[in-house]
Amino acid sequence: MRNPRIEFEVYMHMYSDLHQKPFSNRRNKEFNATLESPDEIRAILDKGDITVMLTTSLQSMFEESELSWLEQNDTSFFHRSYTFQTLQNIFRQGNSLNEAFQYHQRHNNNHSNDDIVYVFARSDTFLMSPVDIPCSGFGNHVDIVVPRWAGANNGGYNDRFAVAAGQLAAKVYVSKVEGYKEAILALRSKPSFTTSEILLKNWLVLGHKLNVTEVEDIKAWALLRVRADGRIDFRDVHQFGIKNASLPHLVHQLGI
């Protein structure tokens, strides 16, 4: 049944020290950008129809305790467009995802319920098209479903958006940066080319034998990256054939 009466819970994580000073990201064409504070984001989310549980932590603390092993030379295993900041962001985002999931687990007293479907998405994104999730499960023993875009072209899985059936598959997905670290450390002694999408596929399929399927439509589940100035990432503009890179313009165009 389409749009059934079901219960939604939203859990989100933010780094609480990012809004304190401007930042720049050359790869994403962001310069001296600023971010809203967790309190400002909470005020916006409280205006919505669905309660959002927001947890925070310090990015500086995560980097000091969990990211000090990462080296500049590790970028040599990736595409030349990958900067050291890009690699750091992969792990920052992965940790943020895990923090949100762990918050959910604590809030629900670690209760295991395989009837729960987990939707994982980056919070700095905009969903352009509807996503249909079967309430009766995925069938055919599918553990995780991902979009086909931004993954199929390089032999990996899309690492921006995923739907997991049950707690076991969800736990594996949110721990993906553990596999990324293992892989990068191994590449130091036996170098080869990789991408974050390939690392994800190896972690899910080779590392944990999960059954992962990709949505057939190459443009389905369009989750666009939104930059700090409200601009849609130029790579997504090209990928999905968007005529105007402004998010407000796209929202107006879609009638949302």
Out of the DSSP beta bridges found with both residues in the chain, what percent are antiparallel (nearest 5)?
60 percent
Suppose each label sits 7 Å from its Cα in the direction of the beta carbon; what would the A33-V237 distance come out to in nanometres?
1.3 nm
Mind giving me the FRET efficiency for L168 and V10? R0 is 22 Å, r the Cβ-Cβ distance, nearest 0.05 is fine.
0.55
Of all DSSP beta bridges in region 1-122, antiparallel share, percent nearest 5
25 percent
Partners for K21 among lysines (Cα-Cα distance below 20 Å; same-chain residues under 8 apart left out)
K29
Out of the total accessible area of the chain (probe 1.4 Å, heavy atoms of protein only), what percent is carbon and sulfur?
50 percent
With point charges of +1 on the Cβ of Lys and Arg and -1 on the Cβ of Asp and Glu, referenced to the Cα centre of the chain, which listed residue (I256, S123, V215) lies farthest in the positive direction of the dipole?
V215
Excluding residues fewer than 8 positions from K219 in its own chain, the lysines with Cα under 19 Å of it are K243
Subtracting the Cα-Cα distance from 0.36 nm times the residue separation, let me have the gained length for E216 to S81 in nm, one decimal.
45.8 nm
If you average the alpha carbon positions of region 210-256 and of region 20-54, how far apart do those two centres end up, in angstrom?
19 Å
FRET efficiency, 1/(1 + (r/R0)^6) with R0 30 Å, evaluated for H107 and L206 via beta carbons:
0.40
Which value, in debye to the nearest 20, describes the size of the charge dipole of region 1-115 about its Cα centre when Lys and Arg Cβ atoms bear +1, Asp and Glu Cβ atoms bear -1, and nothing else is charged?
480 debye
Under 15 Å from the Cβ of I44, count the other residues' Cβ atoms, weight Lys and Arg +1, Asp and Glu -1, and hand me the total.
-4
List the lysines whose Cα sits under 24 Å from the Cα of K176, skipping any in the same chain fewer than 8 residues away.
K190, K201, K209
Of the residues L45, M12, N32, the Cα lying farthest along the dipole of region 1-55 towards its positive end, which is defined by charges on the beta carbon of Lys, Arg, Asp and Glu, belongs to N32
Taking the Cα centre as origin and putting +1 on Lys and Arg beta-carbons and -1 on Asp and Glu beta-carbons, what dipole magnitude results for the chain, to the nearest 20 debye?
740 debye
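The values are calculated or read from the model by the stated rules, or taken from the named source; none is laboratory data. All values reported here derive from a predicted model rather than from experimental measurement. Glycine gets a Cβ as well: all are built from the backbone with ideal geometry, and neighbour counts include every protein chain shown. Please note that ligands, DNA and RNA were not included when accessible areas were found on the heavy atoms of the full protein model with its side chains. Shrake-Rupley method; radii C 1.70, N 1.55, O 1.52, S 1.80 Å.
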